[in-house]
Amino acid sequence: MTRILRSAVLVIAAATLSCSGPMMAAFGESNDVVVIRSDTAGAKAARALVEALRAESDWIVGEELFQTTIANPSRLSGLTNRRHIVLLGTWDDPEMTDLVMSRIRGLEPGGPPKVRVVEDIWAKGQIVMAVIANDEAELVEYVHRNGTDIAEELVVATRERLARNLRDLVEKTGFHLEMEDRFGWSLCPPQGYDLHTTNEERGLVFFRRVRPDRTLFVYWRSGSEDDVTEEFVVTTRDELGNLYFDGDKIEWRRDFVVERIEFRGLPALCVSGWWGNRDLVGGGPFRSYCFFEPSQGRVYLVDAALFAPGMDKTPLMRNLDAALHTFRAATR
């Protein structure tokens, strides 16, 4: 669910701050974060921020949102290729002030605590978040009050950056145009996914990759905004699982989260949970988005599912979620 930091300013800048741009590619998984903490930030602020970033997912129980590493500014030169960096500090630290002022526009000393997210400062595909206040006491209070929102903003920034990267790669091939002509929509999965289709009456297309097993599907039918309900999502998903995915069913004994959100500019229902297959003895997390596309008169259900026993599922699901966010209806 989208959250707004009441006392923060959050802007995602797509362009780099140097004329030539970074040359190296960012390194790290989608859940890796390096926190660069200045001495004046204090241990309390760092602990509060790390606690928020390491919070357990609402639906992938037992896994943290991010895996964090803490370092001081003197180590930054060896970490500039990392995919996600958080600068945590105060304006009364000259070293952090110089770093923020030289690299991140829109932040100046004074005023309330602020958060800003920029991209590609040191490496391509990089997210850099600055969390800064005037002094340690103010920073500690701010992070304690807004830690959950700060973590959520980093999740969204990470997902959106991954989605843009996927979209850019696929659009270079022209494959998205083929999908739009054939299906009326396009989706941009990463490389290595096989495409499977059903007959036109069924309205189902899915992409699958193995080792570990990952599935993305798009289902659509004629309908209205009244069809965007939890009952429609769970019933349709179980029906499709029974027909095309070896009898997969929603596992109701696991945590189940339903949210009203905005997806690709449209009101949507997001359902996150766990699927299971008793016959094949398997299961894993899934996430579904359901929405009505008024320009086509269609109701869509786009879904990502994972089977990865013994592996960290959060980074894999974050990549799948990013792929779902590349969805685009042909008429929009």
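The values are calculated or read from the model by the stated rules, or taken from the named source; none is laboratory data. Because the structure is predicted, anything quoted here is derived from the model rather than measured. Positions of Cβ are backbone-derived with ideal geometry, glycine not excepted, and every protein chain shown enters the neighbour counts. Heads up: the accessible areas ignore ligands, DNA and RNA and are worked out on the full protein's heavy atoms, side chains in. Shrake-Rupley method; radii C 1.70, N 1.55, O 1.52, S 1.80 Å.
Structure notes:
- Phe263, sole failed condition from (1) in contact (Cβ under 8 Å) with a residue 24 or more places away in the chain; (2) open to solvent by 10 Å² or more (accessible area, probe 1.4 Å); (3) aromatic (Phe, Trp, Tyr): (2)
- Selection of the stretch 93-108 for residues being aliphatic (A, V, I, L, M) and either assigned to a helix (DSSP H, G or I) or closer than 11 Å to Ile36 by Cβ (or both) yields Met96, Leu99, Val100, Met101.
- Tabulated pairs, the stretch 308-321, first closer than 10 Å to Arg159 by Cβ, second part of a helix (DSSP H, G or I) and open to solvent by less than 80 Å² (accessible area, probe 1.4 Å), C-beta under 6 angstrom, 6+ apart or interchain: Asp321/Arg159
- Long-range neighbours under 6 Å by Cβ, at least six apart or interchain, first residue farther than 17 Å from Met311 by Cβ within the stretch 189-218, second β-branched (Val, Ile, Thr) and at pLDDT below 95: Leu204/Thr198; Val205/Thr197
- Of all residues in the stretch 109-145, those satisfying the criterion of being in a loop (DSSP other than H, G, I, E, B) and farther than 30 Å from Asn165 by Cα are Pro109, Gly110, Gly111, Pro112, Pro113, Asn134, Asp135.
- Filtered residues of the stretch 70-92 (kept if among the charged types (D, E, K, R), surrounded by fewer than 21 Cβ atoms within 10 Å (Cβ to Cβ) and not in a loop (DSSP other than H, G, I, E, B)): Arg75
- Among residues of the stretch 97-125 that are at negative phi and modelled with pLDDT under 90, those with a Cβ under 8 angstrom from a residue that is open to solvent by 30 Å² or more (accessible area, probe 1.4 Å) and basic (Lys, Arg), sequence gap 6+ or separate chain, pair up as Leu107/Lys114; Leu107/Arg116.
- Selection of first residues in the stretch 66-92 that are free of Cβ contacts under 8 Å to residues at least 40 places away in the same chain and under 25 Å from Asp312 (Cβ atoms) and of second residues that are among the β-branched types (Val, Ile, Thr) and assigned to a helix (DSSP H, G or I), restricted to Cβ pairs under 8 Å at least 6 apart or on distinct chains, gives the following pairs, ordered by first then second residue: Thr68/Val50; Ile70/Val50.
- Given (1) touching a residue at least 12 places away in the same chain (Cβ under 8 Å); (2) open to solvent by 30 Å² or more (accessible area, probe 1.4 Å); (3) not acidic (Asp, Glu), number of the condition Gly241 does not satisfy: (2)
- For the stretch 220-236, the set of residues classified as open to solvent by 20 Å² or more (accessible area, probe 1.4 Å) and either of a type in the set (Phe, Trp, Tyr) or within 26 Å of Arg182 (Cα to Cα) (or both) consists of Trp220, Arg221, Ser222, Gly223, Ser224, Glu225, Asp227, Phe232, listed by residue number.
- Qualifying residue in the stretch 153-168 (condition: outside any loop (DSSP other than H, G, I, E, B), crowded, with 22+ Cβ neighbours inside 10 Å and β-branched (Val, Ile, Thr)): yes
- A single entry from Val35, Val61, Val50 fulfils the requirement of being touching a residue at least 40 places away in the same chain (Cβ under 8 Å) and in contact with a Ser or Thr (Cβ under 9 Å, 6 or more places away or on another chain): Val35.
- Close pairs from the stretch 268-291: first farther than 19 Å from Pro315 by Cβ and modelled with pLDDT of 95 or more, partner basic (Lys, Arg) and not in a strand (DSSP E or B), Cβ under 7 Å, at least 6 apart: Ser288/Arg237
- Flag for Arg145 being over 21 Å from the mean Cα position of the chain (by Cα) and modelled with pLDDT of 95 or more: yes
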